[in-house]
Amino acid sequence: MPTTTGPLPFTTPRLEALPLDPAYAEEMAAVLADPALYAFTGGGPPDPATLRSRYERQSTGSPDPAELWWNWVLRVRADGRLAGYVQATVRGPRAEIAWVVGTPWQGRGYASEAAKGLAAHLTSAGGVRTLVAHVHPDHAASEAVASAAGLAPTGEWEDGERRWTGNPPVPGAR
């Protein structure tokens, strides 16, 4: 079952997913600096101070005790550099997930690897049974990531994005 103590770290073959900490703000501001990352979501690159403030808020958790905000930065194991993040808003057995990988690390499969790892982690460690993501219909790369995480598009839309959902297998279940 999910805990209120915060997210636990997890690993994939090439990545370490480390619980979010405001100390990562400066390095993550560089990871998130390319304006192209915001083409589908809007907004723009945050400066380190803004990102630190955001991370401080996110790290304290949701004001709703029935909802957990779990956020991780992604560290590439080969070189120790941060490359992006994954996040989950967990409410009981359901989690809304999202991912971002900085432009220099795109095209290497890191986002798919991280999303698959996140799905497995949430299912095994967090008791999650349903995953949901919202993907812009013109963002083919994010659609591929959602598919890799075991999600499929639905006919539901929210704020111009298609809802994708899936039920990852429960570890140990037959």
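How far apart, in nanometres, would the label points at Arg129 and Thr154 be if each is projected 7 angstrom from Cα along the Cα-to-Cβ direction?
Label at Arg129, label at Thr154, 1.5 nm between them.
So between Thr50 and Asp64, what do we pick up on full extension, going 0.36 nm a residue minus the alpha carbon distance?
Roughly 2.7 nm would be gained on extension.
Counting only helical runs of four or more DSSP H residues, what would the 222 nm mean residue ellipticity of the chain come to if each run contributes -39,500 (n - 2.57) and the total is spread over all its residues?
Computed ellipticity for the chain at 222 nm equals -8000 deg cm²/dmol.
Could you tell me which helices of the chain pass both thresholds, a Cα extent of 27 Å or more along their own axis and a mean Kyte-Doolittle hydropathy of at least 1.0, with helices taken as whole DSSP H runs?
none
Highest first, please rank the peptides 28-36, 152-160, 111-119, 52-60 by the mean number of other Cβ atoms sitting within 10 Å of their residues.
Per-residue mean Cβ counts within 10 Å order the peptides as 111-119, 28-36, 52-60, 152-160.
With all protein chains present, how much of the accessible area of the chain (probe radius 1.4 Å) comes from carbon and sulfur, to the nearest whole percent?
Summing carbon and sulfur atoms, their accessible area is 53 percent of the total for the chain.
Can you give the extra length, in nm with one decimal, that the chain gains between Thr103 and Ala78 once fully stretched, where that is 0.36 nm per residue apart less the Cα-Cα distance?
7.2 nm
Kindly write out, for the stretch 92-98 in residue order, the coupling ³J(HN,Hα) from the Karplus curve 6.51 cos²θ - 1.76 cosθ + 1.60 (θ = phi - 60°), rounded to whole Hz, with x marking Gly and Pro.
So the J values, rounded to whole Hz, are x, x, 10, 9, 8, 10, 8.
Please label the shape of the stretch 91-145 as rounded, prolate or oblate, based on the square roots a ≥ b ≥ c of the eigenvalues of the alpha-carbon gyration tensor (a/c under 1.5 means rounded; beyond that, a/b larger than b/c means prolate, else oblate).
Oblate shape, in that a/c is at least 1.5 and b/c is the bigger or equal ratio.
Can you tell me the Rg and the Dmax, both Å, for the Cα atoms in the stretch 1-110?
13.9, 38
The values are calculated or read from the model by the stated rules, or taken from the named source; none is laboratory data. A quick note: this is a predicted structure, and the numbers were derived from the prediction, not measured. Cβ atoms come from the backbone with ideal geometry, glycine included; neighbour counts cover every protein chain shown. Please note that ligands, DNA and RNA were not included when accessible areas were found on the heavy atoms of the full protein model with its side chains. Shrake-Rupley method; radii C 1.70, N 1.55, O 1.52, S 1.80 Å.
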